[in-house]
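Enquirer: I have a structure here, written as structure tokens, and I will follow up with some questions on it.
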Amino acid sequence: MKQILFFMMLLFAGSKVAINAKSLSQDSNGVIVLTVSDDTGREIKDQPTQISPEEMPITRGIIRQPAYAYIYNKVISIDFNATIEDATITITNATTGETVYTEISSNPVTINIDLNGEGNGDYIIEIEADGILLIGYFSI
């Protein structure tokens, strides 16, 4: 009887944790997913002719973004991973196309942007740093 009661309590506790995790993931607060924009103007170098494509080594590694963005209560926080000389941040209303915020920052570490004066809707954030353009979509 004690074992059944123990397993019932364990099952209840596990379902409670799963419900809390699901509600956090569906909340409008949290991480803004930034993706690297396609750069069509980049020049592709020729591969050496002595190595065939089958013989090319497979390279793997961790790709680090220069910045990560978060939203909490209509405040955007941008954290920069490395030392960056200049970063340009632009936030645009996706519905109207109106630029609601733009800033060029030198040597940024963390930038907080208050969007409490903006209406609810979908927005686009663009972060250009070290020649990389990161684009993210979020709603407030």
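The values are calculated or read from the model by the stated rules, or taken from the named source; none is laboratory data. For clarity, every value in this text was computed on a predicted model and none was experimentally measured. In this analysis, Cβ positions are derived from the backbone assuming ideal geometry, glycine residues included, and neighbour counts consider all displayed protein chains. Heavy atoms of the whole protein, side chains included, go into the accessibility calculation; ligands, DNA and RNA do not. Shrake-Rupley method; radii C 1.70, N 1.55, O 1.52, S 1.80 Å.
Enquirer: Roughly how many percent of the accessible protein surface of the range 68-132 is carbon and sulfur, given a 1.4 Å probe and a whole-percent answer? Can you show the working numbers first?
Expert: Details: 1590 of 3660 Å².
It is 43 percent, rounded to a whole number.
Enquirer: For the range 69-109, what does the alpha-carbon gyration tensor say about shape, rounded, prolate or oblate, given a ≥ b ≥ c as the root eigenvalues, a/c under 1.5 as rounded, and a/b over b/c as prolate?
Expert: Oblate, since a/c reaches 1.5 and b/c is not below a/b.
Enquirer: Extending each Cα 7 Å along its Cβ direction at E98 and T110, get the distance between those two points in nm, one decimal.
Expert: That separation, rounded to one decimal, is 3.1 nm.
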